[in-house]
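Any read-out appearing in this document is the output of simple, stated calculations on the displayed coordinates, not a laboratory observation. Here the structure is a predicted model, which means the values were calculated and not measured. With ideal geometry, Cβ positions are generated from the backbone for all residues, glycine too; neighbour counts draw on all protein chains shown.
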Amino acid sequence: MRLCAYACAAACAVAAITALDSVAVAQEAPAPSEPIAEATPLPAVVVETQQAAKPKTKAKKKSKSATAAAQPAQSAPQQQQQQPTGPGNSNASDKSAYGPVRDYAAKNTATGTKTDTPLKEVPQSISVVGAEQIRDMGAKSQQEVLRYVPGVIADAYGNDGRTDSSFIRGTEAAEFLDGMKRTFDYYTYNYRIDPYFMERVEVLRGPASVLYGQAPVGGIVNSVSKRPQTEQGGEITVEYGTFDFKQVKFDLTGPITSDGKWSYRFVGEARDAGTQVDYVDDDRYAIAPAITYRPDSNTTITVLGHFRRDRAGTVSQFYPNVGTLYPNVSGYRISQDRFVGEPDDYYNTDASSGTALVEHKIAPWLKLQHSSRYSDISNYYLGTYPDGTSYDADQVTMTRYRWHSITDTRVYSQDTNLEAKFATGMLQHKVLGGVDYSNFKATQASNSAVDLNPFNVYAPQYGQAQWLAFDCGGDIYVACSPVTTAAKQTGLYAQDQMRYGNWIGIVGVRKDWLDIDWNDYTIPQVVSQKDDAVSYRAGLMYEFASGFTPYVSYGESFVPTLAPSLNGPLKPQIGRMYEAGFKYQPTGANFAINSAIYDIEQSNRVVPDQDPNYNVQIGPVAIKGFEFELTGKLTQNLKVVGGYAYTKAQYADGSELDGNQIESIPLHTASLWGVWEFDQPYLKGWSAGAGIRYIGVSWDETNTIRTPAVTLFDAMVAYDTEHWRWQITGSNLEDKEYESTCIARGDCFLGQARTIITGLTYKY
């Protein structure tokens, strides 16, 4: 291992910690943390509304005037503060793993342990992006939410209306929703998540298979849905922006009955929008009704619904690297708004899901939790794309292909566990044991064709294509050749979170069983495959009185692979990681500094086949890196989030790729976002923010095609009153035309063009 090289950088960061102690609000020496059985509060299930000393602003729509975060009301500035309104300002605690994140500084998480645990007590790297930060940045997609998270390549394949593609520590991220897996390999099996429906988005870096089973070694993204609250509140927003973006969205919540036992939440949006590419729309209608029943203070039952209708196209045009990364022989480049498909192309998705979340406190020391979800997803895709390797001699015209598919996906997931708190002598325990199960089935009927007429990418003429279909009797508009993939997974897991004085430890183990059935129209019989795996996890921390907590951890990963392959089901991807780092949260301050170094090995990595619709597997890869993160409110006026990541991700399979940096993974990335809230009387209610993102050089898998580094700038300005908020946000303010990545097969993926959106919100 070469971790010693990164340890020097970590040591420098640790040495700087003492200088930041003066920023902490509390000057007194803190007492050691209480035993873990007391330090980890349960999510609120009481019927009564909390009597907060000073209401804070909601996670999604926060009143500008609430500037005294993380302090009692008596220590707030003397000027009169406005009463915050809106869904995020009711009884949801910012110390809950499922509640709002105030001032960018999350206190607790459930993603890293499946229990409501303080972030500083989890020996693994976790970042939390709350609804307040999502609002400030104006994020409209999962990729945009993750742009300022260290170790994450948020726009892995550029601006794409079909899917959110991100890398965490050099591996493709898996997405979870409310603790259950949401995405399954091929993009038409899934739908894009909308951050407006989320209370928070959490990134767990490193293996999570002990808890989740299907989790890659680099990490996962777990989103937490907005849930009903027992205090009335609501908001409605109207937005307009670049590319004729028009959107209306609303978020309503409150009690249904006077006794507070029943409460509701209703979130929705309607969008009519274009994109940076001609002829490509991004329209959406979505609603998320939710209801909670609290029969007593020990029981909470929540039902979440989600229904959406997306009518969109393919923003990603698969432009060839000649004409984007490099000019053609005449010195021309393809305009970033160029549409190389046909105007009747589409990418439409209908999705619906129902989720049940049950929590019952059996005894003061024993709690039962259950989660289950059923999802029904239908995707209709007709897309046209160029073959970047088939340019004519003057590099103006090229061959195009067309892909037509209809995909129906059904997923059922459930997770049931018991959490027990007890002590054995001086050793405090929080033990979790459970079983989870998922049943996935997808059927895709498809057809492909080639255009016999060459297409001029610099002077396109649409409607002139002459399609030669490969299947279905020559009719490209008929989807045939069905492929069915079915997978059932069962997992048993156990975990023990321990505390002995200032020492904090965690150990876990899991056993997975997987059954896959896969058939292709070219194969006369169903191909069946069975897999099983045992995964382990361990971590150790020491909590100093100053709030400085160093840790070491080890974890393993197991990922069954359902991606389409010409050779039948692929083998599970397996991996392991060693990590060492620290977490620093000064007592009384509302910010945190985290840093880590890690060493990852992964086997059976999935990469695209020569046919881009299928995949193959390769040998082991080695990933080593260093990360640094700062989040929270540094002063009464300044909220920040920033970080740096060094990711050395290399092939280590003994082939001709051995030693090459893994494609699309920059060695260096860095970002910094900050918002200043003005408190001068003549600027009361105003706030302004700015961000900078650096994405370093990356390569294709052969290390011959170099994608240049890019630095991007974002900004926002907002004016907030008790009942109104106006905001304008801009990303890529310089309107740089850049490639997010270029790959060996010959095509490039373009980044998002300058986008400016303004909105007006009424809240109550």
(request) Mind putting together the pair-distance distribution for the stretch 290-424? All Cα pairs, 5 Å bins, whole percent per bin, short to long. (result) 2, 8, 13, 12, 9, 8, 8, 7, 7, 7, 6, 5, 4, 2, 1, 0
(request) Subtracting the Cα-Cα distance from 0.36 nm times the residue separation, let me have the gained length for Lys571 to Thr484 in nm, one decimal. (result) 29.6 nm
(request) Write down the Å³ per residue value for the convex hull defined by the alpha carbon atoms of the stretch 253-367. (result) 152 Å³
(message) Return the equivalent ellipsoid semi-axes of the stretch 380-531 as a descending list in whole Å, where each equals the square root of 5 times an eigenvalue of the C-alpha gyration tensor.
(response) 54, 22, 12
(request) Mind checking the full-extension length gain between Gln466 and Trp676? Use 0.36 nm per residue of separation minus the Cα-Cα distance, one decimal, nm. (result) 69.9 nm
(message) Taking the Cα of Trp503, stepping 7 Å toward and past its beta carbon, and measuring to each backbone N in the stretch 123-157: which are under 19 Å?
(response) 123-124
(message) Nothing charged except the Cβ atoms of Lys and Arg (+1) and of Asp and Glu (-1): what's the magnitude of the dipole of the chain about its Cα centre? Round to the nearest 20 debye.
(response) 2260 debye
(request) Taking each pair of different alpha-carbon atoms in the stretch 338-394 once, compute 1/r for the pair, average those values, and report the inverse of that mean as the Kirkwood hydrodynamic radius in Å to one decimal. (result) 16.6 Å
(message) In 10 Å bins starting at zero, report the fraction of Cα pairs in the stretch 267-323 per bin as a rounded %.
(response) 19, 28, 21, 16, 11, 5, 1
(message) Test of understanding: express the Cα radius of gyration of the stretch 599-731 as a ratio to 2.2 N^0.38 Å, with N the residue count.
(response) 1.50
(message) Could you tell me the calculated FRET efficiency between Ser546 and Thr389, based on Cβ-Cβ distance and R0 = 56 angstrom, to the nearest 0.05?
(response) 0.45
(request) Using packing as a proxy for protection, rank 291-301, 549-559, 166-176 so that the peptide with the highest average count of other Cβ atoms within 10 Å comes first. (result) 166-176, 549-559, 291-301
(request) Distance check, please: which entries in Lys421/Lys639; Lys140/Lys421; Lys140/Lys684 exceed 32 angstrom between their Cα atoms? (result) Lys421/Lys639; Lys140/Lys421
(request) Report the FRET efficiency, 1/(1 + (r/R0)^6), for Tyr293 and Ile728, where r is their Cβ-Cβ distance and R0 is 30 Å, rounded to 0.05. (result) 0.15
(message) At a 10 angstrom cut-off on C-beta neighbours, averaged per residue, how do the peptides 390-396, 626-632, 354-360 rank from highest to lowest?
(response) 626-632, 354-360, 390-396
(request) Kindly list the residues of the stretch 463-487 that lie in the label zone of Trp513, defined by a backbone N under 15 Å from the point 7 Å along the Cα-to-C-beta vector. (result) none
(message) Please compute the length gained on full extension between Thr587 and Ala744, using 0.36 nm multiplied by the number of residues separating them and subtracting their Cα-Cα distance.
(response) 51.5 nm
(request) Would you mind checking which residues have amide H under 5 Å from Val101's amide H? H placed 1.01 Å from N; only 5 or more apart, or other chain. (result) Ala131, Glu132
(request) Loop only per DSSP, at most 14 neighbouring Cβ atoms within 10 Å: give me the chymotrypsin sites (Phe, Trp or Tyr not before Pro) in the stretch 335-385, ordered by residue number. (result) Trp365
(message) Counting pairwise Cα distances across the chain, what percent come out greater than 34 angstrom?
(response) 48 percent
(request) May I ask which residue of Ala688, Val710, Gly642 lies farthest towards the positive end of the charge dipole of the stretch 632-764, with charges of +1 (Lys, Arg) and -1 (Asp, Glu) on Cβ and the Cα centre as origin? (result) Ala688
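Over 21 Å between Cα atoms, which of Lys361/Lys583; Lys114/Lys226; Lys120/Lys633; Lys367/Lys583 qualify?
As for pairs spanning more than 21 Å Cα to Cα, those are Lys361/Lys583; Lys367/Lys583.
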(request) Pop the C-beta distance of Tyr240 and Tyr458 into the FRET formula with R0 = 30 Å and round what comes out to the nearest 0.05. (result) 0.40
(request) Report, in degrees rounded to the nearest 10, the 0 to 90 angle that the Cα long axis of helix 3-20 makes with the longest principal axis of the chain. (result) 40 degrees
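Could you tell me the relative contact order of the chain? Use alpha-carbon pairs under 8 Å, at least six residues apart, and round to a whole percent.
For the chain, the relative contact order is 13 percent.
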